[in-house]
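Read the structure below first, then the notes.
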Amino acid sequence: MPKPKYKDAGFAFAYILPSFLLILVFSIIPIIMDVGLSFTSYNMITSPEWTGLDNYKRLFTDPYIGASIKNTVIFTFVTVPVQTLLALVFAAVIADKFRSHFGEAVKSAMFIPVIASMVLIGNLWTIILEPHGIVNNFLGLFGISPVNWLGSKHLSLFSVCIISIWKNVGYFLVIFYAGIMDIPAELYDAADVDGAGTMQKFLHITVPALSSVTYLVVTLGTIWSFQVFDLVYTLTGGGPGLSTQTLVLTIYNTAFRSYEMGYASTIALLMFVFVLVISILQKKFLAKED
Amino acid sequence: MKKLITFFLIALCSLSFITASGSAESGSGKTEMLLWMPPNGTSESLDLEFWKTNLAPWAEENNVDLQIEIIPWSEYTTKYLTGFASGEGPDVGYMYIEMVNDYIDMGLLEDLDKYFTEDEKANYLYYDKGYVKGGQYMLPFIVGNARLFFFNMDILAEAGVNELPETWDELVEVLQAVKDANLDDVIPFCIAWGDSSIGTLNANFYPFFWQAGGELYNEDGSEMTLSDGDAALRALTFVNDLRFKYGFITDECMSMRNSGVKEQFAAGRVAVCVTDATVARMADEAGINWDFVGSLKDKEEAVWIANDSLIMNAQCENKELAASLMKYMTTGDMMAKYHAQIASYPPITKDEPYSDNPRFQELYANTGILHTLYAAPGAAAVADNLYKNMQLMMLGDLTPQQVIDNTQAYADSLN
């Protein structure tokens, strides 16, 4: 194999330079700044003041942090598996039974929530879930008294999870559907010859063949779940109590309501570490299957 | 190492200040000025059109290239903070009172007092409400939209009630009569507990708290005083009792937004509610026979009113011109047009005829009982914590005393 020439290497660097610069400016430098600012008191206007570990100590006494971590983790553990499973099942059903205009229409319809703004979705679901909204009126037909979907501390986070799943399923459905289209038809033909049923083909061909896609979906879903903000901001504002307070909502309120950028940076760094650890774990466990 | 990191951060953060800020001379020889206003009308374009049209003569006369931006409420605080931080903030802007504290502390707002003559000051009805933290940093622009007790008089009549209550005890008597009348599908007392906004406190807490003689902060705003005296406990216990002791506040209210309260009142399902004055128009349109009480009497009379104001950027290069713009925007004629075309509020100057709902005219003239919110450090975070603790109280998880203790502890932890 011929040795690469310096000239070729120069070309290679030139090709990756634009991407590298973008990552440097929009990811690496902000992360470095975030680490630095987490040790300061800073309001964006006056210069940062070094406060050492004060912000980190505050993390342990701030009632919003514990609640935010708990809610964000619950949100992630509920939404990611459910939306992944639903998207996979819907994609498989559409690919298997509805490769028609109807299937395309269903896919398109399910994609609409993906492109709709979170604020719009928040307001829409507020109307749907309100005491005299569609859901409670429907339940009323069966004699069930109105449910306090967003005002109950036991149900509010669950309600937010459902809405988030509803919004995301369409996006992951499209990814799974594209993955299913790439699975060689010969595999299914051979399974048919062997007399495999629909469920067996799904479990032993479709699911294993989509492991790399599933890894992508789970990773994306996890990162999105940790970023949940606008939905909660619009629907509940983090309440009732702290029952739907999430990490990004706490970061936003700390930064833009209390003007404590230093402390907000500390919380953001905490979230960064969480996402990093989870991503590493996901890679470790899902990569085995891959 | 510590100094090096601090230097690095300061250098990075200072980059944003390199850009010029405030007004400047444009290439055409005109002075450039930037005005930021909120969408108080029904849409952003309506506000923009109004200000563009009505400020054009002033801009022409003063040879100003006036840029006007309408900032959506959803990104209001973010836009202001990033705007000021990058030196791209407005010369004249509009802030609500909870915003100003930090901007004053950061030295970003100009004390307006020296730009107004005594005669001009005397013409403003609420000029003194812009005096905060030892300076006239605000020029009250929207004063009103009071939170009031509204009564459906037909429901009250059905319950045998013909007189409006004047005290907390009388309110309980009225609500008890409504409850005892067992009217079909009627909520005796409706206040929003499912709203995501901390502004809900303006109806659910502050009126009761102030009427009980409380103040949330000391005079200079440096200390939260929720636990001082018995006002907070009295107010919270009263609100708590309305739900748990008397059962006047139904489960439905726990997930209701302020907009929902108004809709239900206009739908004729609510006997009494505390909400903003805009419900009057909705009730009129729905043909509801309504009346209102500004303040119930406990230890004092108190009514919450909005106090949103014009502010001047301390970095503005033409402060006299900016002051001139503020005066022009608040002339009686201009405000009369604004209140007629954009948003109906009571007048802010003596030379503007009253055009808001005539039934509230007397209330807004009684300035002694009108209270506004606080300009204090961490006020938004404390209000958020107070509201969330109150939500838990209304769900039966916290006692009124625990609400006070938790909120006071949180406020103390911020200092």
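The values are calculated or read from the model by the stated rules, or taken from the named source; none is laboratory data. Note that the coordinates shown come from a computational prediction; the quantities given were computed from them, not determined experimentally. Reconstructed Cβ throughout: ideal geometry from the backbone, glycine too, with neighbour counts over all protein chains shown. For the accessible areas, the whole protein counts, side chains as well, though only heavy atoms, and no ligand, DNA or RNA atoms are used. Shrake-Rupley method; radii C 1.70, N 1.55, O 1.52, S 1.80 Å.
Taken across both chains, chains A and B shield about 3600 Å² of accessible surface from a 1.4 Å probe. Over the Cα atoms of segment A:124-190, the radius of gyration divided by the Kirkwood radius equals 1.28; this is the Rg/Rh ratio. What the Cβ-Cβ distance of A:Ala196 and B:Leu46 gives, at R0 = 60 Å and to the nearest 0.05, is a FRET efficiency of 0.40. For the pair segment B:329-397 and segment A:112-145, the centres of their Cα atoms are 31 angstrom apart. Residue by residue along A:231-243, Cβ atoms of other protein chains within 10 Å of the local Cβ number 6 on average. Taking packing as the residue-averaged number of other Cβ atoms within 10 angstrom, the listed peptides A:188-201, A:7-20, B:299-312 run from highest to lowest as B:299-312, A:188-201, A:7-20. Spin-label point model (7 Å from Cα, Cβ direction): what's the A:Ile115 to B:Ile369 distance in nm? Placing both labels 7 Å along Cα→Cβ, they lie 5.5 nm apart. For B:Phe149, nonlocal amide neighbours, meaning residues 5 or more places apart or on other chains whose placed amide H falls under 5 Å from its own, are B:Val293.
Among the lysines of segment A:59-289, pairs at least eight places apart or on separate chains and with Cα atoms under 24 Å apart come to 11. Once the partner protein chains are put back, segment A:34-48 shows a loss of at least 50 square angstrom of accessible area, versus the chain by itself, at A:Met44, A:Ile45, A:Pro48 (probe 1.4 Å, ligands and nucleic acids excluded). Measuring heavy-atom accessible area with a 1.4 angstrom probe and counting protein chains only, the residues of segment B:176-200 that give up at least 10 Å² relative to the chain alone are B:Gly194, B:Ser196, B:Ile198. Whole-Hz Karplus values for segment B:359-366 come out as 5, 9, 4, 5, 4, 6, 7, 8 Hz, taken residue by residue from phi with 6.51 cos²θ - 1.76 cosθ + 1.60 and θ = phi - 60°; glycine and proline positions read x. Projected onto planes of every orientation and averaged, the convex hull of the alpha-carbon atoms in the protein assembly as shown covers 40.2 nm². Rolling a 1.4 Å probe over the heavy atoms of the protein chains gives chain B an accessible area of 39 Å² per residue.
Cα gyration tensor of segment B:174-327, axes a ≥ b ≥ c as square roots of the eigenvalues: rounded (a/c below 1.5), prolate (a/b > b/c) or oblate? Taking the square roots of the gyration eigenvalues as a ≥ b ≥ c, segment B:174-327 is oblate. Here segment B:283-311 is scanned for amide nitrogen atoms under 20 Å from the site 7 Å beyond the Cα of B:Glu362 along Cα-to-Cβ, giving B:284, B:289-298, B:300-305.
Distance from the Cα centroid of segment B:79-128 to that of segment B:273-310 is 28 Å (rounded to whole angstrom).
Taking every DSSP beta bridge that has both ends in the protein assembly as shown, the antiparallel portion is near 65%.
Calculated accessible area for segment A:59-289 comes out at 48 Å² per residue, all protein chains present (probe 1.4 Å; ligands, DNA, RNA ignored).
Measuring nothing but how far apart in sequence close Cα pairs (under 8 Å, 6+ apart) lie, relative to its length, segment A:59-289 scores a relative contact order of 31 percent.
Mean partner shielding of peptide A:126-138, defined as the number of other chain Cβ atoms within 10 Å of each residue Cβ, is 3. The distance linking segment A:47-98 with segment B:177-236 is 34 Å (Cα centroid to Cα centroid, whole angstrom).
A Förster distance of 35 Å, applied to the separation of the beta-carbon atoms of B:Ala157 and A:Asn137, puts the FRET efficiency at 0.70. Extending 7 Å from Cα along the Cβ direction at A:Lys70 and again at A:Ile144 yields two label points whose distance is 2.6 nm. Of the complete DSSP H runs in chain A, those spanning 15 angstrom or more by Cα along the long axis with a mean Kyte-Doolittle score not below 1.6 are A:118-129, A:156-181. Summarising the label geometry, the points placed 7 Å from Cα in the beta-carbon direction at A:His154 and B:Gln341 lie 5.5 nm from one another. Relative to the longest principal axis of the Cα atoms of chain B, the long axis of helix B:231-244 lies at roughly 50 degrees.
Measuring r between the beta carbons of A:Val25 and B:Asp291 and using R0 = 60 Å, the FRET efficiency lands at 0.45.
Does segment A:174-290 come out rounded, prolate or oblate by the C-alpha gyration tensor, with a ≥ b ≥ c the root eigenvalues, rounded set by a/c under 1.5 and, if not, prolate when a/b is larger than b/c and oblate if not? It is prolate, given that a/c is not under 1.5 and a/b is the larger ratio. Based only on the alpha carbon positions, what is the Kirkwood hydrodynamic radius of chain B, in angstrom? One decimal place: 23.0 Å for the Kirkwood radius. Using a probe radius of 1.4 angstrom, the carbon and sulfur fraction of the accessible surface of segment A:59-289 is 73%. Let me know the shape class of segment A:59-289, please: from the alpha-carbon gyration tensor, a ≥ b ≥ c as square roots of the eigenvalues, rounded when a/c is under 1.5, otherwise prolate if a/b is greater than b/c, or oblate. Judged from the Cα gyration tensor, segment A:59-289 comes out oblate (a/c at least 1.5, b/c at or above a/b).
Remark on B:Asn307: its backbone amide H falls under 5 Å from those of B:Ile97, B:Leu373, a criterion applied only to residues 5 or more positions apart or on other chains, H modelled at 1.01 Å from N.
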